[in-house]
1. Looking at A:ARG105, A:ARG65, A:ARG88, which one is loosely packed, with under 10 Cβ neighbours inside 10 Å and modelled with pLDDT of 90 or more?
2. Please verify whether the range A:171-183 includes one or more residues that are in contact with a helix residue (DSSP H, G or I) (Cβ under 9 Å, 6 or more places away or on another chain) and either among the β-branched types (Val, Ile, Thr) or in a helix (DSSP H, G or I) (or both).
3. Counting only residues that are without any contact (Cβ under 8 Å) to a residue 12 or more places away in the chain, in a helix (DSSP H, G or I) and either surrounded by 20 or more Cβ atoms within 10 Å (Cβ to Cβ) or more than 14 Å from chain B (Cβ to nearest Cβ) (or both), how many does the range A:231-283 have?
4. Looking at A:LEU155, A:LEU161, A:LEU174, A:LEU165, which one is crowded, with 16+ Cβ neighbours inside 10 Å, more than 33 Å from the chain's Cα centre (by Cα), modelled with pLDDT under 95 and more than 14 Å from chain B (Cβ to nearest Cβ)?
5. Does A:GLN194 qualify as being in contact with a Gly (Cβ under 6 Å, 6 or more places away or on another chain), away from chain B (no Cβ under 14 Å) and either aliphatic (A, V, I, L, M) or surrounded by 14 or more Cβ atoms within 10 Å (Cβ to Cβ) (or both)?
6. Going by the structure shown, is A:SER143 loosely packed, with under 10 Cβ neighbours inside 10 Å, under 16 Å from A:SER210 (Cα atoms) and not aromatic (Phe, Trp, Tyr)?
7. Keeping to the range B:125-142, report how many residues are in a helix (DSSP H, G or I) and closer than 28 Å to B:GLU40 by Cβ.
8. Inside the range B:5-118, counting only strands (runs of 3 or more DSSP E) that do not spill past its ends, which hold 1 or more residues that are in contact (Cβ under 8 Å) with a residue 12 or more places away in the chain and within 13 Å of chain A (Cβ to nearest Cβ)?
Amino acid sequence: MPPTSTRVTNPDPVQDTTPETALDKVQNTVQNTESETVQPVVTPSYTTDSAIADYKVVAAVHPWRWVGTVVVAGIAAAILYSLITNPRWEWGVVAQWFTAESILRGLGQTLKLTLISGSLGFALGFVLALMRLSRSPLFSSVSWTFSWIFRSTPLLVQLLLWYNLGYLYETIRLGVPFTSITFAEFQTTSLISQFAAAVLGLTLNQAAYSAEIIRGGILSVDQGQIEAATALGIPRWRRSTRIVLPQAMRAILPTAFNEIIGLVKGTSIVYVLAYSELFYTVQVIYNRTQQVLPMLLVATIWYIVITSVLSVAQYYIERHYSRGALRTLPPTPLQKLRGFFTTHAATGTSINSSKGQL
Amino acid sequence: MSLATTEVSTRGEVAVRSVDKSYGTTQVLHEIDLDVAQGEVLVIIGPSGSGKSTLLRTINHLEKVDRGTISLDGELIGYKVRNGKLHERGEAEILAQRTEVGMVFQNFNLFGHLTALQNIVEAPIHARKVPKAKAQARAKELLARVGLADKADAYPRQLSGGQQQRVAIARALALDPKVVLFDEPTSALDPELVTEVLEVIKDLAKSGTTLIIVTHEIGFARDVADRIVFMDGGRIVEQGTPRELLANPQHERTKSFLSKVIEPAFNI
């Protein structure tokens, strides 16, 4: 009890206008004595509350964040300084080769390989994931075996095997097995080019991994969703593509982008086939000019550029698929920036309008 | 407004004949025999694990039975008789049969990435090949019926539990089903939201569609049911009109169950 409580007294809390009996009077006196002790406590605590209500709210201060920021900025500056000033990086050479025609052609091949084997790999992976989750033991075991084989052999070996298929099978024959009926016959070496071997190897390998990623995403979707779609008589393919997959995307996308970014750089492995993608082109150049470090930097910077573009794409694609999973979508960095310069109300409307478009 | 657009002479007559069902070694349904007449409102009550939900789910073939048959208007659900044997129907036929039976789930199971309207039109368009414009018009009509005309473009997570369940009911009705199954439709709702859902179901009960409702809301069962079935241990223990079963239960098991779920002060 605060010591000030005695200051406030209650002069007469019960002012009853109705006639009182003797007993009532006794009870009132009792109440009076009680309220005289209770009442004073209540009144001052109310005054304190109203005073607190007028106080300003001060956000928590994080002094160590500022210290940390200074330290990090210092380290970043040191690294940048050494990169710029160390003459061994040969930035002039980097600039000279960065947009050279041969490098851009190599970059084009890298993007082409990534795009083709990435999309074919994920498409095949989706089918493999559905097969694996199918109730049919045939589908499920075929899918399992596929993933088992392609995940357990090194990609390098797969690529070399595809490219050297002609050594194992000189011709590829379309016809009825175990008979001499033949519809068409090809020389394997003419069929499997470097490009074909690269795409085959990367696609099949990618499919094996993405099948597991997609399967994981599908498993994360509430069973009730599938049950409801089933009960509504929605056909199986539609159930998978319209109900399950879009909701699985939230779980699939972060790992899938990991895979695609990995694939961008992973395509460099096809240098073993002497296929002139970015990394092979760079190697050819530095073997000739002996400018190893700057040429590696050229390739690295291009890989960083591609990855950055993919990371931005990832942000927006993930945002698209969080529709319905979040009550309201968070603002995009651009919207945040715009909101920073305009009023609060304007930010609210820009978020709402963009949600309508999504 | 009538929910059933066309009235056929037999519409929504369900016949369950000596159905057995086990999960592994646990038998969850024993020799279930049950007839539900056209337009009847049947409420199934009973303790958890008594097989109520399983029975409901066998009616649209979400669960396969081990023995016995279930038929809707004389047509066997999920199976065909050929040479004295029951052959499971093909996928397409089973899907077609499921469109005749609407189902409302305990956890709503609305498609989270689709708006209320998209949730409702999905099955009519893709399971029944109804033209899109027609399906959307019908969906709006149904949303208005459940009192959510203004929520067509809302995503499920932007709706309260009661509103979500009302959208789910509209979704089940969009296929114009002969029977609607309710699997504890109010169990996942806050007490204050239960009434709005029960009102929609009561309204539906008057429309002449056959309803089979699994619920723990005894008061609601008494109001809406034509007949109440009490299940325990995978068996139908007893059944009767709400008045007979709730006021004058014959079996000890029914009495003890009702004494637990009905408050002593509750007046029947």
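The values are calculated or read from the model by the stated rules, or taken from the named source; none is laboratory data. Source: prediction; values computed, not measured. Cβ sites come from the backbone with ideal geometry, for glycine too, and all protein chains shown count toward neighbours.
1. It is A:ARG65.
2. yes
3. Summing the residues that are without any contact (Cβ under 8 Å) to a residue 12 or more places away in the chain, in a helix (DSSP H, G or I) and either surrounded by 20 or more Cβ atoms within 10 Å (Cβ to Cβ) or more than 14 Å from chain B (Cβ to nearest Cβ) (or both) in the range A:231-283 gives 3.
4. Criteria check complete, one pass: A:LEU165.
5. Against the criterion (in contact with a Gly (Cβ under 6 Å, 6 or more places away or on another chain), away from chain B (no Cβ under 14 Å) and either aliphatic (A, V, I, L, M) or surrounded by 14 or more Cβ atoms within 10 Å (Cβ to Cβ) (or both)), A:GLN194 does not qualify.
6. No, not satisfied.
7. Initial filter on the range B:125-142 (in a helix (DSSP H, G or I)): B:125-127, B:132-142.
If we keep only those that are closer than 28 Å to B:GLU40 by Cβ as well, we get B:127, B:138-139, B:141-142.
Total satisfying the criteria: 5.
8. Once the strands (runs of 3 or more DSSP E) in the range B:5-118 are filtered for at least 1 residues that are in contact (Cβ under 8 Å) with a residue 12 or more places away in the chain and within 13 Å of chain A (Cβ to nearest Cβ), what remains is B:85-88, B:101-104.
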